[in-house]
Amino acid sequence: NLSRSVGPAIGGIIVAAAGASVAFAINAVSYLGVLGVLFRWRPGHPPSHLPREQIGPAMLAGLRYVAMSPNIGKVLLRAFVFGFSATVVLALLPVVSAGQLGGGPLTYGLMLGAFGVGAIGGALLGNRLHRRLSAEWVVRIAFAGFAFCVVITGLSTSPWLTAIGMLSGGACWVLALSHFNVSVQLFSPRWVVGRTLSVYQTVTFGGMSLGAWIWGLIADRWSTPTALLVAAVPLFLGIAMGFVLPLPKRTALDLDPLNSWKEPALELDLQPRSGPIRVEITYRIATEDIPAFLAAMTERKRIRRRDGARHWILARDLGDPAVWVETYNTPTWTDYVRHNLRRTKADVEIVERIRALHR
C-alpha cells in the first residue's frame, strides 16, 4: 500500500522533470528487481501425500469457502464499497490538478506525493489505532477520513488545501485497505488463503474499476466537483453499514488446522479417484435437546459444505424419532481426505456441542 501510494508521486515528479516517456522507461526497468527476486525465491511447501488440486475445482473450492464464510463476506462488502467510492480521487486527480488547481504534471505529482505521505502516516498510525479501537471503529474512521478528502478535493481551488485533503485520503486509504487485506488472511485457513485473497483483490479492484468509470461518466456529463461530491455518499453509506453488519474482531477464530484426523484403514483397494464417497453419521437426541441440536447442525451444514461436502442432508428416523442421520457425499476418496484435513480448531466447538447432545 505504501509503494502503491508513493510510486505515482515519484512518477509525477519524473513526468514533470523529464517527460512521460522517461517515466515509463524507468518503470519498466524497475521490474527487473522484482523478477530477480521471484526467480531466486524458493517457497517451502508442507509435505502432502495428496495430489495437487486441479485448477477448476480449486477455484470453485475457494469461491465456495468465501460464499460460506460470513466474516469474509462482511469484509468483502465493505472493501467493495470503499474501493468503488475512494477511487474517485485517484481517477479524477489529473483533471482536478489541471482544472480546479490550474497546474500541470508537477502539481499532479505533488498531490500524489501528499497522498503518499498520508499513506505513510496511516501505516504508522494503524497499529496504535488497532490497540485502542475495535476493527469496526478503525474502518469507520477510514471511511469518514476519506469522505473528508473527497469533499475537500471537490470544493477546493487551492493546492495547499487540496494537499491537506490528500494527506487525509492517503492515511485512510492505507488504514482501510490494509485492514481488509489482513482480515481476509486471518479469517482464512492456510489451505485457501491464496484463493480468498484473490477474491478480495478481484472485489476491491473491480469496485475501483467500476467506480472510476462511473465517476468519469458523471464528471463528463456534469462536472468534476459534482462527481467527487456524489462519491462521498457511498463513503457515508459504508459507515452506516457498520451498524448493521459490523466487522468481526480479528482474533475471533482460531483457523489453524486441527490435524487430529487420521485416514482410516480400508478393506477395499480404493484409488484416489474412486468415488463418489457417501458418509453417514447417526445421532440419538433427546426430545428436549432437539432445538439446540438443530441449531448446531445448521452451523455444521455450513462448515461441511464450505469444506467441500455435497448433498448434505439431515434426516429423522420415522420409526425411532430419537434417531437422526447426517449424510453427505464427496466426489472422490481424495476429496474425502482433503475435506477432513481442512477442519480447523475453530470447528471443534460445533463438534463438541453436537457430541454433548448425542445420547
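Of the conditions (1) part of a helix (DSSP H, G or I); (2) over 20 Å from Ser134 (Cβ atoms), Cys172 satisfies every one except a single condition; which number is it?
Among (1) part of a helix (DSSP H, G or I); (2) over 20 Å from Ser134 (Cβ atoms), the lone unmet condition for Cys172 is (2).
The rows are residues; the columns are (1) surrounded by fewer than 23 Cβ atoms within 10 Å (Cβ to Cβ); (2) free of Cβ contacts under 8 Å to residues at least 40 places away in the same chain.
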| residue | (1), (2) |
| --- | --- |
| Thr157 | yes, no |
| Cys172 | no, no |
| Leu177 | yes, no |
| Val182 | yes, no |
| Gln201 | yes, yes |
| Gly206 | yes, no |
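Looking for something surrounded by fewer than 16 Cβ atoms within 10 Å (Cβ to Cβ) and assigned to a helix (DSSP H, G or I) - is there at least one such residue anywhere in the stretch 102-116? Before you say what the answer is, go through the steps one by one.
Looking only at the stretch 102-116, we keep the residues that are surrounded by fewer than 16 Cβ atoms within 10 Å (Cβ to Cβ), and these are 102, 104, 106.
Still in the running and assigned to a helix (DSSP H, G or I): 106.
Checked the stretch 102-116: at least one residue is surrounded by fewer than 16 Cβ atoms within 10 Å (Cβ to Cβ) and assigned to a helix (DSSP H, G or I).
Inside the stretch 181-235, can you point out the residues that are within 18 Å of Lys74 (Cα to Cα) and of a type in the set (Phe, Trp, Tyr)?
Phe187, Tyr200, Phe205
Report yes if some residue within the stretch 104-111 is closer than 21 Å to Gly145 by Cβ and modelled with pLDDT of 85 or more; otherwise report no.
Yes, because at least one residue in the stretch 104-111 is closer than 21 Å to Gly145 by Cβ and modelled with pLDDT of 85 or more.
From Leu63, Leu38, grab the single residue that is in contact (Cβ under 8 Å) with a residue 40 or more places away in the chain and either of a type outside the set (Val, Ile, Thr) or in contact with a Pro (Cβ under 7 Å, 6 or more places away or on another chain) (or both).
Just one listed residue meets the conditions, Leu63.
The values are calculated or read from the model by the stated rules, or taken from the named source; none is laboratory data. None of the values given here were measured: they were computed from a predicted structure. Don't worry about glycine lacking a Cβ; one is built from the backbone with ideal geometry, like all the others, and counts go over all protein chains shown.
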